[in-house]
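Reviewing the structure listed below.
The values are calculated or read from the model by the stated rules, or taken from the named source; none is laboratory data. Everything numeric in this text was worked out from a predicted model, so none of it was measured. Here the Cβ is made from the backbone with ideal geometry for all residues, glycine too, and neighbour counts use every protein chain on show. Heads up: the accessible areas ignore ligands, DNA and RNA and are worked out on the full protein's heavy atoms, side chains in. Shrake-Rupley method; radii C 1.70, N 1.55, O 1.52, S 1.80 Å.
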Amino acid sequence: MSGNTNLRITEHPILDFSKTDSRKVTITVNGKRIEAYEGEPIASAILASGIKVLRRTPKLKSPRSLFCAIGRCSDCVMTVNGTPSVRTCVTPVEDGMIIESQDI
Amino acid sequence: MKKSDVIVVGGGLAGSHTTFHLSRLGLKVILLERGSIACGASGRNGGQVLQCEGKDRDKDIILNRLKYTKRSVRLLKELKDELDFDYEFKQVGTADIVTDEEGLAESKELYELSHSIGDDEIEFLDWKGLHEVCPYFADFLIGGRIRTTDGNLNPLNLANGLVDKAKKYGAEVYTWHNVDKVVIESGKVKGVEANGEKFSADKVVLATSLWTRDLLPGFGFRIFPHRPLVSLSEPIPYFKPPAFEVLIGDDVVWGGTQTATGHLLVGGGAGKPRTVEEQYDYVLDWEDTIRNGRALAMIFTKIKAVNVLRIWCGVSAYTIDGLPLVGESAMAEGLYIMGGFVAGVCWTPICGKLLAELIANKTPEVDLESMNPNRFDNMKIELPEKYNYAIMLEHLGRL
């Protein structure tokens, strides 16, 4: 996949994006500040910013990213504002969120 | 008819350790298990390797316990190299945590008592010390004692690893074989009947704990059940908390740990007092599920949110003096009992080894005297008609 493909999710089978206005906010992902739209899924904002790896597996340290995108598979879990194992594919962005990768 | 030197009934940790050591000593062993390996109490507990529970102050009681449990911990370390299954033994320590100044003073006192009798594996933790060990503990947990050599493991993997190795040493293992009867003729054990088939041996080990009463008419009431709850969260990043126990208010003792795979385990006793038979039959109710969730939330409030995958009801076995029954039964020649473990994960390794040595006519490395299975013969054991964890421990004088 080329680097400049836009990976932002705009249509979704179970989440309603109609109320997502285009208010731009800033969130921090592993220390890096990125722009995001308030209310869009965290994973969507992260992928759109160019970061593709959300976490690594405990044993083989192999990279994991968005997979099911509907909150079931838990491949996209990250620590959000100190809460571990949050499903970033279905959790909406709020301004100033601190998001960190996990090794689990 | 199948023949062997020894038949072991029960494929939990007690039976698995015993089968492993007997096979290793060169005896021909048949292991019979009514379900799958470790499908009962052994597969449903928190996996805590807990050497001394409670607040015993009697020097002899404490030293007698440590005589066995220290050997168990050593065995658990040695077995890592011998078994082909990783049972995830981690010596993260177990902490006895308190919530008020009175408890902290008592904890300090017990810590000093331990050191005065040469038990130096205990450390005392004040608020700062405890929260350095585990920053995720809630602020109302103000300190306590920690035994640094304790820890946790995966009991299902351990039991399966032992059975797997025993098979390689020559043991025959029959799962889904329900033993209907122990065959005793003129005071001597002859074997067992399981699934309508005859199994013959001069020595039979009943590693059936709470269910020994169903197999052995006249065994009576020596081991009694209590049903603890356990809940398991989704994996979260490993933050290395010690295994712990804490009394919250007047509620039962809650305990927990984090498994090597990141799952957070929290559990405690069922709430409502129940009769012995109700304890046997208990299945988790909604009220207890809520109580368990509340305890998890209170202890780990700093984690903010965690998804619980499942909650279930375990089985613990108690005896009136807190020690298991291990050794030859007076009920028949060649009949051995191995059961009644309160903290079986920690006690079964050494007990399985000692029992195997006894059966193989080797001198056991430590005596089994205090665990004599006949010590309650002719003794009337009484319990309150209905009990929960707190009522039972108060009755036994061990709270």
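Overview of results
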item	result
Percent of Cα pairs exceeding the 16 Å cut-off, where the set is region B:28-99	67
Subset of A:Lys61/B:Lys302; B:Lys2/B:Lys181; B:Lys272/B:Lys386; B:Lys70/B:Lys168; B:Lys203/B:Lys353 violating a 19 Å alpha-carbon distance limit	A:Lys61/B:Lys302; B:Lys70/B:Lys168
Rounded accessible area of B:Trp254 (nearest 10 Å², 1.4 Å probe)	0
Fraction of beta bridges assigned by DSSP in the protein assembly as shown that are antiparallel (%, nearest 5)	75
Computed over region B:1-148: relative contact order in percent, which uses C-alpha pairs under 8 Å that are six or more apart	18
Length-normalised contact order for region A:24-100 - Cα pairs under 8 Å, 6+ apart - percent	37
Stokes-Einstein translational diffusion, region A:24-100 - Kirkwood Rh over all Cα pairs, 0.890 mPa s, 25 °C, in µm²/s	201
Chain B: Cα Rg divided by the 2.2 N^0.38 Å rule of thumb	0.97
For B:Asp84, solvent-accessible area (1.4 Å; no DNA, RNA or ligand), Å²	90
Enclosed volume per residue, in Å³, of the convex hull spanned by Cα atoms of the protein assembly as shown	173
Complex-versus-alone comparison for region B:202-246, residues with a loss of 40 Å² or more in accessible area, probe 1.4 Å	B:Glu234, B:Pro237
Sites matching trypsin sites (Lys or Arg not before Pro) across region A:28-74 that sit in DSSP coil, with at most 15 neighbouring C-beta atoms within 10 Å	A:Lys52, A:Lys59, A:Lys61, A:Arg72
Value at 222 nm in deg cm²/dmol, rounded to 500, when DSSP H runs of n ≥ 4 in chain B each add -39,500 (n - 2.57)	-9500 deg cm²/dmol
Of the DSSP H helices in chain B, those whose Cα atoms cover at least 27 Å axially and whose Kyte score averages -0.5 or more	none
Rounded accessible area per residue of the protein assembly as shown, 1.4 Å, Å²	45
DSSP bridge pairs, chain B: antiparallel proportion in percent, nearest 5	70
Accessible carbon and sulfur surface of chain B relative to its total accessible area, %, 1.4 Å	50
